[in-house]
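The values are calculated or read from the model by the stated rules, or taken from the named source; none is laboratory data. Source: prediction; values computed, not measured. Quick reminder, even Gly has a Cβ in these numbers, built from the backbone with ideal geometry, and neighbours come from all protein chains shown.
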Amino acid sequence: MAVPEEAEIHEVFKLFDQEGSGIKIKEIGTVMRSLGLAAPEAQLREFVAEAAKKDSNHVQFSDFMGYVRRAQTMEADKSVDVAKEMQGMKNGIGHFFDKLSHKQIRENPPDMVKIADIKHLLSSVGEKMAEEEIEEMAREIRNSCRIQDGRVSFDDFVKMLQA
């Protein structure tokens with residue numbers, strides 16, 4: 001989802017602020033989610049605690065905008081971290097296939113690797129990946145590599161990892 005502009009944020013805020021006195025503190029998370037922001041529960045609790053110090057019941061738009069910007073910054077930072085983790089993982093898998101597994105995993109035809117073996121490695125070797133991450137990698141493989149009988153072209157796989 002695209003980053004919401006201040007005008008869009010204000011429109012959504014007004015939908016929840018029917019009386020013009022601000023949104024209820026307990027609705028901070030709901031309003032953020034309606035904007036497409038997925039602030040973690042810990043961060044939402046922090047926002048609620050800060051808002052409660054100013055007013056026990058409501059949050060004004062200017063304060064809410066501050067919370068939105070902080071949530072957006074956190075999401076952007078998380079995206080950068082995930083990208084770095086994915087690149088590290090790709091490098092590690094490429095190294096593993098290049099150095100360790102030629103005889104163990106590669107089968108006839110010799111330039112193809114079973115997708116199931118790749119998934120097994122991702123879930124059991126080194127830092128284990130979550131099922132979601134494994135499926136995301138499998139989708140990327142299916143979208144970027146030649147596949148035949150459940151096997152992926154080893155050369156295509158290596159190129160994908162190096163991209």
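Here are some notes:
- Residues of the range 1-48 satisfying the condition of being among the β-branched types (Val, Ile, Thr) and in a helix (DSSP H, G or I): 9, 12, 25, 28, 30, 31, 48
- Tally of residues being under 15 Å from residue 119 (Cβ atoms) and assigned to a strand (DSSP E or B) across the range 129-163: 3
- Filter result for residue 59 (modelled with pLDDT of 90 or more, of a type in the set (Val, Ile, Thr) and surrounded by 12 or more Cβ atoms within 10 Å (Cβ to Cβ)): yes
- Index of the failed condition, residue 80 passing every other in (1) modelled with pLDDT of 80 or more; (2) under 25 Å from residue 32 (Cβ atoms): (1)
- If the condition is being surrounded by fewer than 17 Cβ atoms within 10 Å (Cβ to Cβ) and either assigned to a strand (DSSP E or B) or at pLDDT 80 or above (or both), then the range 109-126 contributes 114, 116.
- Given (1) in contact with a His (Cβ under 7 Å, 6 or more places away or on another chain); (2) surrounded by fewer than 16 Cβ atoms within 10 Å (Cβ to Cβ), number of the condition residue 23 does not satisfy: (2)
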